[in-house]
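A short write-up of the structure that comes next.
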Amino acid sequence: MTKIYCVVCAKQAVNRRVSRYDELVTTLQGAKAAVNPYECYCGYCAEDLDENGLFPEDRSLPDNE
């Protein structure tokens with residue numbers, strides 16, 4: 001069985017609802033895909049992403065045009 005990890009919090013993502021405060025695992029429910037097939041943005045970390053895949057702190061950065 002292949003393990004999938006969150007690229008933000010580095011916890012193992014499992015296919016069930018777990019506590020946001022669990023130290024070892026996080027949820028795949030509501031997760032977003034990452035570039036690597038064995039990585040994701042877990043359901044809790046993905047809550048902060050907007051429609052462009054940016055976190056709140058990234059949205060305020062000036063454009064590099």
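Just so you know, all these numbers are worked out from the coordinates, no wet-lab data involved. All values derive from a computational prediction rather than experimental measurement. Note that each Cβ is placed from the backbone with ideal geometry, even for glycine, and that neighbours are counted across all protein chains shown.
Key figures
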quantity	calculated
Descending semi-axes in whole angstrom, ellipsoid equivalent of the chain, from the Cα gyration tensor	24, 13, 9
Point-to-point label distance, E23-A10, nm (Cα→Cβ direction, 7 Å offset)	1.5
Loop trypsin sites (Lys or Arg not before Pro), the chain, which have at most 16 other Cβ atoms in a 10 Å radius of their Cβ (DSSP)	K3, R16, R17, R20
Mean ellipticity per residue at 222 nm, deg cm²/dmol - from DSSP H runs of n ≥ 4 across the chain, formula -39500 (n - 2.57)	-1000 deg cm²/dmol
Relative contact order for the stretch 4-59, counting Cα pairs under 8 Å that sit 6 or more residues apart, in percent	28
DSSP-loop chymotrypsin sites (Phe, Trp or Tyr not before Pro) across the chain, with at most 13 other Cβ within 10 angstrom	Y21, Y38
Extension gain from D58 to E39, taking 0.36 nm per residue of separation minus the Cα-Cα distance	4.8 nm
